[in-house]
Amino acid sequence: MDQFQNTNPNPTSSLFQMNLDAQNSYNLRSSASWAKVLGVVGILTGAILIIMMGITLSRIEEVDRYSRYDRNTIQEIFAAKTGLWIMIISGIIFIIGGVFSFNFGNRINAALKSNDQDGLNAGFAALRNYFALRGITLIIVLILFLIGLANMV
C-alpha cells in the first residue's frame with residue numbers, strides 16, 4: 001500500500017494522510033538541528049553587525065559634528081551614513097530570520113520527541129515564516145539591484 005496515498009474521503013479537511021517513518025524522522029531531526037545552528041549564527045551575526053555599524057555610525061556623527069566640509073565630502077558622509085543604516089536594517093533582518101529558524105528547530109525537535117502533531121504544525125509554521133522573510137528580503141534586494149542597474153545605464 002502506498003503510504004502517501006490520500007485515503008481521506010473528505011479532501012478539503014486534509015490534503016495528505018502521511019506518516020513519518022524512521023528515515024523521514026531522522027531527516028527532519030537533522031534539518032531541525034541545522035536550523036537551530038543557523039538560527040544561533042544568524043542572531044549572533046545580526047547582533048554583531050548592528051553593534052559594529054552603530055559604533056561606526058556614532059563615530060561618523062562625532063566627526064561630522066565638529067568638522068567643516070565641502071559639498072563632495074558632505075555627500076560622501078551622507079552616503080556612508082545611508083550605507084550604515086542599510087547594514088543595521090540587514091542586521092535586524094538577520095536576527096528575525098535567526099529567531100524563525102531557531103523556533104523551527106526547537107519546535108520540530110520537541111514535537112518529534114513527544115509525538116505532538118500540534119507542535120509539528122507550529123514548527124512548520126515557523127519554517128513558513130522563515131521562508132517568507134527570506135523570500136521578501138530577496139525580492140526587495142532584487143528590486144534594489146535592478147533599480148541600481150537601471151541608474152547605471
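The table below gives the values:
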| quantity | calculated |
| --- | --- |
| Sequence ranges 109-118, 89-98, ranked by mean other-Cβ count within 10 angstrom, highest first | 89-98, 109-118 |
| Region 127-135 - phi-based ³J(HN,Hα) in whole Hz, Karplus 6.51/-1.76/1.60, Gly and Pro as x | 5, 4, 4, 4, 5, 5, 4, 5, x |
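Bear in mind that the values in this text are calculations on the coordinates, not laboratory data. As the structure is a computational prediction, the values presented were derived from the model and not from experiment. For neighbour counting, all protein chains shown are included, and Cβ atoms are generated from backbone atoms with ideal geometry for every residue, glycine included.
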